[in-house]
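Colleague: My structure is below; once you've seen it, I'll send some questions.
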Amino acid sequence: MLFKYKTAMDKIDYFKGVTNQDFIDYYKVDLYSRMEITIYTYPHEFVEEDPIPWEHFNRCERILYEYLYNTYADAEFQRRQQEKKKESENPDRHDILLTIEQTAEEKTAKYAAEHNERESIVKAKMLELVPKLSKLTDDYLQNVKLTFVDL
(Lines give C-alpha, C1' and ligand atoms only; values in the text may rest on other atoms or scores of the structure.)
Protein backbone atom coordinates (compact mmCIF):
# COMPACT_ATOMS: atom_id res chain seq x y z
CA MET A 1 0.00 0.00 0.00
CA LEU A 2 1.28 3.46 -0.82
CA PHE A 3 0.67 6.29 1.65
CA LYS A 4 1.35 9.86 0.68
CA TYR A 5 0.74 12.91 2.77
CA LYS A 6 -0.66 15.93 0.95
CA THR A 7 -1.16 19.42 2.17
CA ALA A 8 -4.60 21.01 2.34
CA MET A 9 -3.41 23.47 -0.30
CA ASP A 10 -3.22 20.77 -2.99
CA LYS A 11 -5.98 21.42 -5.51
CA ILE A 12 -7.18 18.35 -7.33
CA ASP A 13 -8.80 18.49 -10.77
CA TYR A 14 -11.30 15.64 -10.42
CA PHE A 15 -12.59 16.03 -13.98
CA LYS A 16 -9.37 16.67 -16.00
CA GLY A 17 -10.20 20.23 -16.95
CA VAL A 18 -13.76 19.57 -18.11
CA THR A 19 -15.75 22.61 -17.00
CA ASN A 20 -19.33 22.85 -15.77
CA GLN A 21 -20.25 24.46 -19.07
CA ASP A 22 -18.74 21.49 -20.92
CA PHE A 23 -20.96 19.17 -18.88
CA ILE A 24 -24.02 21.36 -19.54
CA ASP A 25 -23.28 21.36 -23.28
CA TYR A 26 -22.91 17.58 -23.23
CA TYR A 27 -26.30 17.23 -21.49
CA LYS A 28 -27.91 19.69 -23.91
CA VAL A 29 -26.96 17.57 -26.95
CA ASP A 30 -28.84 14.56 -25.55
CA LEU A 31 -31.73 16.65 -24.25
CA TYR A 32 -32.37 18.33 -27.59
CA SER A 33 -31.85 15.14 -29.58
CA ARG A 34 -35.61 14.49 -29.28
CA MET A 35 -37.85 17.39 -30.16
CA GLU A 36 -41.00 15.30 -30.49
CA ILE A 37 -41.98 12.95 -27.69
CA THR A 38 -45.02 10.71 -27.39
CA ILE A 39 -46.28 10.15 -23.86
CA TYR A 40 -48.49 7.11 -23.36
CA THR A 41 -50.96 6.90 -20.50
CA TYR A 42 -52.45 3.66 -19.30
CA PRO A 43 -56.18 3.26 -18.59
CA HIS A 44 -55.77 3.28 -14.78
CA GLU A 45 -52.93 5.75 -14.65
CA PHE A 46 -53.37 9.12 -13.01
CA VAL A 47 -52.28 11.82 -15.43
CA GLU A 48 -50.80 15.12 -14.34
CA GLU A 49 -52.32 18.33 -15.61
CA ASP A 50 -49.10 19.23 -17.46
CA PRO A 51 -47.31 15.92 -18.11
CA ILE A 52 -43.56 16.04 -18.38
CA PRO A 53 -41.37 13.63 -20.38
CA TRP A 54 -39.68 12.21 -17.26
CA GLU A 55 -38.30 9.17 -19.06
CA HIS A 56 -36.39 11.40 -21.47
CA PHE A 57 -35.09 13.67 -18.68
CA ASN A 58 -34.02 10.71 -16.55
CA ARG A 59 -32.25 9.10 -19.49
CA CYS A 60 -30.36 12.33 -20.30
CA GLU A 61 -29.36 12.72 -16.64
CA ARG A 62 -28.18 9.09 -16.52
CA ILE A 63 -26.05 9.69 -19.64
CA LEU A 64 -24.56 12.83 -18.06
CA TYR A 65 -23.88 10.94 -14.81
CA GLU A 66 -22.01 8.23 -16.74
CA TYR A 67 -19.99 10.91 -18.52
CA LEU A 68 -19.10 12.53 -15.18
CA TYR A 69 -18.21 9.13 -13.73
CA ASN A 70 -15.96 8.22 -16.67
CA THR A 71 -14.35 11.66 -16.77
CA TYR A 72 -13.52 11.29 -13.08
CA ALA A 73 -12.00 7.85 -13.72
CA ASP A 74 -9.88 9.21 -16.58
CA ALA A 75 -8.66 12.10 -14.44
CA GLU A 76 -7.85 9.73 -11.57
CA PHE A 77 -5.82 7.53 -13.93
CA GLN A 78 -3.93 10.58 -15.24
CA ARG A 79 -3.19 11.76 -11.67
CA ARG A 80 -1.79 8.36 -10.76
CA GLN A 81 0.34 8.28 -13.90
CA GLN A 82 1.74 11.74 -13.09
CA GLU A 83 2.47 10.70 -9.50
CA LYS A 84 4.32 7.61 -10.71
CA LYS A 85 6.29 9.72 -13.15
CA LYS A 86 7.25 12.22 -10.43
CA GLU A 87 8.30 9.41 -8.10
CA SER A 88 10.48 7.80 -10.74
CA GLU A 89 12.06 11.16 -11.74
CA ASN A 90 12.75 12.32 -8.21
CA PRO A 91 13.46 9.45 -5.80
CA ASP A 92 14.93 11.82 -3.17
CA ARG A 93 11.63 13.54 -2.42
CA HIS A 94 10.78 14.34 1.17
CA ASP A 95 7.36 12.68 1.08
CA ILE A 96 6.91 9.75 3.39
CA LEU A 97 6.30 6.67 1.27
CA LEU A 98 5.53 3.30 2.76
CA THR A 99 5.09 0.13 0.77
CA ILE A 100 3.16 -2.60 2.54
CA GLU A 101 1.83 -5.84 1.11
CA GLN A 102 -1.97 -5.74 1.14
CA THR A 103 -4.26 -8.59 2.04
CA ALA A 104 -7.29 -9.38 -0.08
CA GLU A 105 -9.52 -7.75 2.55
CA GLU A 106 -7.43 -4.58 2.54
CA LYS A 107 -7.52 -4.43 -1.27
CA THR A 108 -11.30 -4.86 -1.19
CA ALA A 109 -11.68 -2.16 1.46
CA LYS A 110 -9.43 0.20 -0.52
CA TYR A 111 -11.41 -0.43 -3.71
CA ALA A 112 -14.70 0.17 -1.86
CA ALA A 113 -13.36 3.41 -0.35
CA GLU A 114 -12.18 4.63 -3.77
CA HIS A 115 -15.55 3.71 -5.28
CA ASN A 116 -17.41 5.58 -2.52
CA GLU A 117 -15.17 8.62 -2.98
CA ARG A 118 -15.79 8.62 -6.73
CA GLU A 119 -19.55 8.28 -6.19
CA SER A 120 -19.67 11.14 -3.69
CA ILE A 121 -17.57 13.46 -5.90
CA VAL A 122 -19.68 12.70 -8.98
CA LYS A 123 -22.93 13.17 -7.03
CA ALA A 124 -21.65 16.47 -5.66
CA LYS A 125 -20.86 17.63 -9.20
CA MET A 126 -24.35 16.60 -10.35
CA LEU A 127 -25.87 18.62 -7.49
CA GLU A 128 -23.70 21.57 -8.49
CA LEU A 129 -25.08 21.32 -12.06
CA VAL A 130 -28.77 20.96 -11.06
CA PRO A 131 -29.68 24.68 -11.22
CA LYS A 132 -28.36 25.00 -14.78
CA LEU A 133 -29.88 21.65 -15.81
CA SER A 134 -33.25 22.74 -14.43
CA LYS A 135 -33.19 25.96 -16.42
CA LEU A 136 -32.21 24.02 -19.53
CA THR A 137 -35.07 21.53 -19.09
CA ASP A 138 -37.54 24.37 -18.50
CA ASP A 139 -36.42 25.99 -21.76
CA TYR A 140 -36.63 22.61 -23.48
CA LEU A 141 -40.25 22.12 -22.35
CA GLN A 142 -41.14 25.36 -24.12
CA ASN A 143 -39.79 24.00 -27.43
CA VAL A 144 -40.52 20.27 -27.44
CA LYS A 145 -43.64 18.88 -29.11
CA LEU A 146 -45.46 16.49 -26.79
CA THR A 147 -48.05 14.06 -28.16
CA PHE A 148 -50.34 12.29 -25.70
CA VAL A 149 -51.81 8.86 -26.40
CA ASP A 150 -54.35 7.22 -24.09
CA LEU A 151 -54.11 3.44 -24.20
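Colleague: Using a 1.4 Å probe and ignoring any ligands, DNA or RNA, find the accessible area of Thr147 and quote it in Å² to the nearest 10.
Modeller: Per-residue accessible area (Thr147): approximately 60 Å².
Colleague: Out of the chymotrypsin sites (Phe, Trp or Tyr not before Pro) in the stretch 16-87, which ones are loop residues according to DSSP with at most 15 other C-beta atoms within 10 Å?
Modeller: Sparse-neighbourhood loop chymotrypsin sites (Phe, Trp or Tyr not before Pro): Tyr32, Phe46.
Colleague: Hey, which of these cross-link pairs are over 23 Å Cα-Cα: Lys86/Lys123; Lys16/Lys84; Lys28/Lys145; Lys84/Lys110; Lys84/Lys125; Lys16/Lys132?
Modeller: Correct reply: Lys86/Lys123; Lys84/Lys125.
Colleague: Starting at the first residue of the stretch 17-26, write each ³J(HN,Hα) from the Karplus equation 6.51 cos²θ - 1.76 cosθ + 1.60 with θ = phi - 60°, in whole Hz, x for Gly and Pro.
Modeller: Karplus-based 3J(HN,Hα) across the stretch 17-26 equals x, 6, 8, 4, 5, 4, 5, 4, 4, 4 Hz.
The values are calculated or read from the model by the stated rules, or taken from the named source; none is laboratory data. The model shown is predicted, which means the values in this text are computed figures rather than measured ones. We place every Cβ from the backbone using ideal geometry, glycine too, and count neighbours over all the protein chains shown. The area values use the complete protein model at the heavy-atom level, side chains included, leaving out ligands, DNA and RNA. Shrake-Rupley method; radii C 1.70, N 1.55, O 1.52, S 1.80 Å.
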